[in-house]
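The values are calculated or read from the model by the stated rules, or taken from the named source; none is laboratory data. These figures come from a predicted structure and were not determined experimentally. So basically every Cβ, Gly included, is an ideal-geometry build from the backbone, and we count neighbours across all protein chains shown. Side chains included, ligands, DNA and RNA excluded: accessible areas come from the protein's heavy atoms. Shrake-Rupley method; radii C 1.70, N 1.55, O 1.52, S 1.80 Å.
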Amino acid sequence: MQQAAAISDPFGKATTGKLGMWLFILMDGLSFGGLLIGGAALRAGMDSWPEPGQILNISLTAFNTFLLICTSFTMVMALNSIQKGDQKGLVKFLTFTMSGGIFFLGIQIWEYVHFIAGSEELMHNLVLAGLEGSKFLPSTGIYGAVFYAITGFHGLHVLSGVIYIAAMLVPAKQGAFSATNYDRIEILGLFWHFVDLIWILVFTVIYLI
Amino acid sequence: MSTNNESFLTKYIFSTDHKVIGKQFIWLGIFFLFFGGYLSLLMRWQLAYPEQAVPWWLSWGIFFKDAGGIIDPDTYNQLFTMHGTIMIFWAVTPILIGGFGNFVIPLQIGAPDMAFPRLNMISFWTWFLSSVVLLASYLLPQGPAAAGWTSYPPLSSPMGGIPGEGQTLWTLALVLMGTGTIMGAINYIITVVRLRAPGMTYFRMPLTVWGLWLTSIMNAVFVPVIAAGLILLLLDRVLGTEFFVAGGLASGPGGDPLLYQHVFWIFGHPEVYILILPVWGIVSDLLAVFARKPAFGYKVTAICMSTICVLSSIVWGHHMYTTGMSPLLGKAFMFLTLLISIPSSIFFLNWLATLWKGNLHFEPPMIYTMGVVWVFAIGGLTGLYNATVTSDIYLHDTMFVVGHFHFTLAATLVLGLFAAIHYWFPKMFGREINRTMANIHFWVTFVSMNFVFFNMMVLGYAGHHRRLYNPMEFDFLKPLLGLNEWITWFAIINGVIQLLFIFNFVWSMFKGKVAVRNPWGASTLEWTLDAPLPHGNFAQTPTVYSRPHEYSHPSLTDTDWVPQSEPIPGTA
Ligand SMILES: [Cu+2]
């Protein structure tokens, strides 16, 4: 399929598939940018905004952030393995990465469930933050709306990433990749690192500031 | 890549061949073009004969039965909402970008297919799914969306007064459509960057490819932004968030409805260029082909189109002059908007200079192209009144605006896509499209559309507000009833003559004269191939030696053209 290259190509040796993923990441980044800037604009128009940690559990999510960074590391290890021709290592590290992603989603869902179920303590904290109700829902003020929209949109990305890794594990187990053929793993890695990177931004904006 | 044992399913339905996918997009678009056009005729009926029963030949005896054949206000709102939405996103976009983007880009740059053929197929079927979701809203008891194609909150909010879930499906369909657009954009951009044949430098690409490529870049940048905005609107409707709800409608301090308008127009203004860039490109190329001259200022035209893309991303505020924005900001947006007229005028003059002293051949594609030159001039010039704050405050949300954007978006785009269909028809189907029918179709369409859209501007100047259900409820609009009737009848003529087009299209596909390889004497690469084109296109990757339109080159003797894949004699 690869056509003889055109005379000038500013993108060097990057494969066509990789260029496609870079472009997708750029566009996805613009969507996140739109959400984050929109959220900031709404926040700027509010009289009060909860303090960091007043409602959200910073230490739990900090652990989740650490977990996601670790999966970026295992993703690098996966690519490293196959670049050396180690197919078993590839499968091992991809499985680690995928499990890390699932664990991350588990914690995020646990956090959501806890908020949606509500509690005395949560109600107390909500009142202190100037919000109403005993449950923290998407309809709990602009704060709840922004929180669920942005973390939810990111969560969907982690979910897509997990499915994407699972889809690559199938050919990986069948030995489809080798030391000379690992482009699809590199592309997968690009997406996963992007999702991690965005999370650090989301964590900072939603939880810490 | 070409496989010989393709089943019917993989060859015509789930094909990865860019030419088949292009045709699928065109069929989808033509269906919606007729559907959206039909909705506009119903609207026109209400404006000319307010609250009178729709005649049987327009209602087909099946619509509006319970109201005694009368279009009620809610239905009227649905009509203009769905007309706008469908025409922009499901008629013109699929035909120009999905259809011709797919069919033409790989052929004109000498590529075997798109960079990601499977993604291309998924893009079409995502689009198809979005159409199903959109049409499904007609099955809801309270009908489809009715908040206008812009769907401003609070009208589009759940507590905004419009009953039913049509708006929810509308938002969902747009998000899906956006996803399909994004997939297409990735494909077109990377295809142009990566799969150009040897020798096909950026400044040897046909301007059609330039237009489609710039359009895709704009789609890549701005569709994700509107997608984010629509997701928030969807959350407002489904999960009870209050992003765009404020004041008495909100339960607490609430969000900001103006934020939606900003997000919408940050995308919405570039969207008009997204739609029109392919037509600019096609017109620039076709004028050269049928004037038998190189496109005047080829490189300048390409650079002007690129400049407009950049400028178009910072002018969205001109849609919001009446939202109480600071006068200083309004002036800034006005200045930037008016700046766009400079590059636009430059390439428009390039068009005229291409025609100047040309050897004009009035083949069907050329008459449509000349039509575009005329309607785009009117559309562009009347835009200045909307860009200028002082005149826009009077004209805002009147029929003047409707007339203006129908000159640019409806007339220019529709004539442009007719030009494209008539031009590439022989390459698509291996047959010629019938000239007599094409000529009749052009003249009737051209005259009636000019009458309709020009007089809409007259209505607006007289104070007729757009989206009014029954203008006759206002005394000062009563004298305009006669003009409204005239517009409606010309619109009906315009609608009827489109049946001749579809007849010609289908008839010529099967019964048209078998076309020669290069009926127009065009030098771009697609005309070096014989129909039917195989999956994989070029048997041998072509090498490109010249710009796309070196017509009537002085060193040519027997003919006045050579394909781009052959050196011009005496210059190599
Ligand atoms: Cu605009």
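Some observations on this one:
- Just so you know, in segment B:188-202 the residues that are facing chain A (nearest Cβ under 8 Å), in contact with a helix residue (DSSP H, G or I) (Cβ under 6 Å, 6 or more places away or on another chain) and in a helix (DSSP H, G or I) include one that is farthest from A:ALA149 (Cα to Cα), and it is B:ARG194.
- Filter result (within 12 Å of the ligand (Cβ to nearest atom) and of a type in the set (A, V, I, L, M, F, W, C)) within segment B:261-289: B:PHE264, B:TRP265, B:ILE266, B:PHE267, B:VAL272, B:ILE274, B:LEU275, B:ILE276
- B:PRO532 satisfies every condition listed in (1) assigned to a loop (DSSP other than H, G, I, E, B); (2) in contact with a Pro (Cβ under 7 Å, 6 or more places away or on another chain); (3) over 20 Å from B:MET366 (Cα atoms) except (2).
- Here B:PHE264 does not fit the description of being within 14 Å of chain A (Cβ to nearest Cβ), assigned to a loop (DSSP other than H, G, I, E, B) and open to solvent by less than 10 Å² (accessible area, probe 1.4 Å).
- Residue among B:MET205, B:MET177 that is buried (at least 22 other Cβ atoms within 10 Å of the Cβ) and either within 11 Å of chain A (Cβ to nearest Cβ) or of a type in the set (Val, Ile, Thr) (or both): B:MET205
- Residue match in segment B:352-361 (condition: within 16 Å of the ligand (Cβ to nearest atom), more than 14 Å from chain A (Cβ to nearest Cβ) and outside any helix (DSSP H, G or I)): no
- Condition broken by B:MET325, with the remaining ones in (1) within 16 Å of the ligand (Cβ to nearest atom); (2) assigned to a helix (DSSP H, G or I); (3) open to solvent by 20 Å² or more (accessible area, probe 1.4 Å) satisfied: (2)
- Segment B:292-313: number of residues that are more than 14 Å from chain A (Cβ to nearest Cβ), under 21 Å from the mean Cα position of the chain (by Cα) and either small (Gly, Ala, Ser) or within 13 Å of the ligand (Cβ to nearest atom) (or both): 5
- Condition met for B:ASP558 (of a type in the set (Asp, Glu), over 19 Å from B:PHE425 (Cβ atoms) and assigned to a loop (DSSP other than H, G, I, E, B)): yes
- One residue stands out among those in segment B:490-499 that are touching a residue at least 60 places away in the same chain (Cβ under 8 Å) and over 13 Å from B:PHE34 (Cβ atoms): the one that is surrounded by the most Cβ atoms within 10 Å (Cβ to Cβ), which is B:ALA491.
- Residue match in segment B:309-332 (condition: within 17 Å of B:LEU415 (Cβ to Cβ) and without any contact (Cβ under 8 Å) to a residue 40 or more places away in the chain): no
- Evaluation of B:TYR273 against the conditions (1) over 26 Å from A:LEU42 (Cβ atoms); (2) open to solvent by less than 10 Å² (accessible area, probe 1.4 Å) shows that the sole unmet condition is (2).
- Within segment B:224-258, being in a helix (DSSP H, G or I), touching a residue at least 40 places away in the same chain (Cβ under 8 Å) and not β-branched (Val, Ile, Thr) holds for B:PRO224, B:ALA227, B:LEU230, B:LEU233, B:LEU234, B:ASP236, B:ARG237, B:LEU249, B:PRO257, B:LEU258.
- In segment B:328-351, the residues that are within 16 Å of the ligand (Cβ to nearest atom) and under 14 Å from B:SER284 (Cα atoms): B:SER344
- When the test is whether a residue is modelled with pLDDT of 95 or more, buried (at least 20 other Cβ atoms within 10 Å of the Cβ) and either away from chain A (no Cβ under 14 Å) or touching a strand residue (DSSP E or B) at 6+ places or on another chain (Cβ under 6 Å) (or both), B:SER151 does not pass it.
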